[in-house]
Amino acid sequence: MRTINFGKRVLGDNQPTYIVAELGINHNGDVDLARRLIDAAVEARCDAVKFQKRTPELCVPATQRNQTRETPWGMMSYLDYRRRIEFGVDEYGTLIAHCRTCSIDWFASCWDETAIDFIEWFEPIGYKIPSAALTDVALLARFRQTGRPLILSTGMSTMAQIEAAVRLLGTENLLITHATSAYPCPLQELNLKMIETIHARFDCPVGYSGHEVGLPTTLAAVCLGASLIERHVTLDRAMWGTDQAASVEPHGLKRLVKYVRDVEAAMGDGIKTVYESEIPVMQKLRRTDRLMVSGTEHAVN
């Protein structure tokens with residue numbers, strides 16, 4: 001049985017689906033907005049919220065730093081925009097304290113080694129390795145050095161690249177999430193059967209990080225064996241920001257959590273059972289003048 005310990009939960013085979021609300025950059029650098037997104041995740045009964053942490057000077061390519069971008073705060077360089085939406089020590093301290101008050105788990109995806117060092121100070125329950133970092137050998141090694149549970153996202157990666165990353169990380173305390181890195185992702189490119197492929201290939205739990213519009217496909221991921229699901233959350237899909245359109249609003253997040261729990265209850269154990277609720281129906285509808293014995297029908301006199 002493939003499981004990992006993640007905070008106070010066990011994730012993996014025969015465990016309830018771990019549901020993550022991804023805040024990402026949908027807070028647009030506003031602490032109050034981030035707090036409201038956490039509240040939405042709590043009200044929806046998600047298991048965790050996830051932050052993203054970058055060091056803009058390290059993550060923004062030199063060719064993009066001076067590109068001008070139109071933002072709600074006026075025209076600015078792409079580097080300045082990335083700085084504008086990043087939270088520092090005080091903001092993270094406030095938001096993590098809020099998570100603890102609300103009794104919801106939190107963790108983060110980090111895009112560079114300095115970001116890992118920053119988040120380590122707050123003692124997260126684990127880390128998400130973003131798809132963009134899957135081929136970054138030095139960054140993968142730094143994630144493993146933390147000794148914390150890791151979630152590896154596999155968007156925009158070949159199977160050979162995924163296998164190489166897993167060899168470096170090892171499968172102990174690792175969960176792999178299938179993802180397609182398009183925002184929003186066309187349904188025909190979700191390739192949900194990859195959940196089964198990853199599950200068969202690697203000795204660790206498998207999850208799903210969705211960037212599509214709508215909820216049914218995320219439920220399908222659960223039916224295909226995803227032990228963890230992650231969806232971006234927003235207060236309004238029409239808000240400014242690159243990820244808003246691929247996100248789920250609070251009412252949709254509530255429905256998603258309810259639907260996942262309903263699906264879990266309906267999946268059963270795969271053992272054929274005659275339930276108590278069926279007995280009155282059986283007594284009413286099944287003929288008693290004929291019995292099936294060893295596959296042969298016999299008349300009863």
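The values are calculated or read from the model by the stated rules, or taken from the named source; none is laboratory data. Bear in mind the structure is a predicted one, so any value in this text is a computation, not a measurement. All Cβ positions, even for glycine, are placed from backbone atoms using ideal geometry, and neighbour counts span all protein chains on display.
Here is how the numbers come out for the structure above:
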{"item": "Test set (1) at pLDDT 95 or above; (2) surrounded by 16 or more Cβ atoms within 10 Å (Cβ to Cβ) - Tyr259 fails condition number", "result": "(2)"}
{"item": "Pair list, Cβ < 8 Å and 6+ apart or interchain, from the stretch 14-33 residues that are hydroxyl-bearing (Ser, Thr, Tyr) to residues that are in a loop (DSSP other than H, G, I, E, B) and at pLDDT 95 or above", "result": "Thr17/Ala226; Thr17/Ser227; Tyr18/Asp47; Tyr18/Ser227"}
{"item": "Verdict on Thr217 being assigned to a loop (DSSP other than H, G, I, E, B) and more than 15 Å from Arg45 (Cα to Cα)", "result": "no"}
{"item": "Qualifying residue in the stretch 236-244 (condition: under 17 Å from the mean Cα position of the chain (by Cα), over 30 Å from Ala34 (Cα atoms) and either surrounded by 14 or more Cβ atoms within 10 Å (Cβ to Cβ) or free of Cβ contacts under 8 Å to residues at least 40 places away in the same chain (or both))", "result": "no"}
{"item": "Options Leu134, Leu174, Leu150: the member that is under 23 Å from Leu190 (Cα atoms), touching a Pro at 6+ places or on another chain (Cβ under 9 Å) and at pLDDT 95 or above", "result": "Leu174"}
{"item": "Some residue of the stretch 44-58 being in contact (Cβ under 8 Å) with a residue 12 or more places away in the chain and more than 23 Å from Cys110 (Cα to Cα)", "result": "yes"}
{"item": "Qualifying residue in the stretch 14-22 (condition: modelled with pLDDT under 90 and assigned to a loop (DSSP other than H, G, I, E, B))", "result": "no"}
{"item": "Only listed residue being in contact (Cβ under 8 Å) with a residue 12 or more places away in the chain and either under 16 Å from Gly12 (Cα atoms) or among the aliphatic types (A, V, I, L, M) (or both), chosen from Leu219, Leu291", "result": "Leu219"}
{"item": "In the stretch 77-99, residue farthest from Met239 (Cα to Cα) [restricted to those that are basic (Lys, Arg) and surrounded by fewer than 19 Cβ atoms within 10 Å (Cβ to Cβ)]", "result": "Arg83"}
{"item": "Number of the condition not met by Glu123 [criteria: (1) within 19 Å of Phe6 (Cα to Cα); (2) free of Cβ contacts under 8 Å to residues at least 40 places away in the same chain; (3) of a type in the set (Asp, Glu); (4) surrounded by 13 or more Cβ atoms within 10 Å (Cβ to Cβ)]", "result": "(4)"}
{"item": "Residue within the stretch 212-219 that is touching a strand residue (DSSP E or B) at 6+ places or on another chain (Cβ under 6 Å) and at pLDDT 95 or above present", "result": "yes"}
{"item": "Matching residues, the stretch 126-146, being touching a residue at least 12 places away in the same chain (Cβ under 8 Å) and surrounded by fewer than 16 Cβ atoms within 10 Å (Cβ to Cβ)", "result": "Thr135, Val137, Ala138, Ala141"}
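Yes or no, residue by residue, for (1) assigned to a loop (DSSP other than H, G, I, E, B); (2) surrounded by fewer than 20 Cβ atoms within 10 Å (Cβ to Cβ); (3) β-branched (Val, Ile, Thr); (4) touching a helix residue (DSSP H, G or I) at 6+ places or on another chain (Cβ under 9 Å):
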| residue | (1), (2), (3), (4) |
| --- | --- |
| Ile4 | no, no, yes, no |
| Leu11 | no, no, no, no |
| Asp32 | no, yes, no, no |
| Arg35 | no, yes, no, yes |
| Cys46 | yes, no, no, yes |
| Lys50 | no, no, no, no |
| Ala62 | yes, yes, no, no |
| Arg65 | yes, yes, no, yes |
| Met75 | no, yes, no, no |
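For (1) in a strand (DSSP E or B); (2) under 20 Å from the mean Cα position of the chain (by Cα); (3) under 17 Å from Gln52 (Cα atoms); (4) of a type in the set (Asp, Glu), each residue gets a yes or a no:
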{"residue": "Leu79", "(1), (2), (3), (4)": "no, no, yes, no"}
{"residue": "Phe87", "(1), (2), (3), (4)": "no, no, yes, no"}
{"residue": "Thr94", "(1), (2), (3), (4)": "no, no, yes, no"}
{"residue": "Cys99", "(1), (2), (3), (4)": "no, yes, yes, no"}
{"residue": "Thr114", "(1), (2), (3), (4)": "no, no, yes, no"}
{"residue": "Asp117", "(1), (2), (3), (4)": "no, no, yes, yes"}
{"residue": "Phe122", "(1), (2), (3), (4)": "no, no, yes, no"}
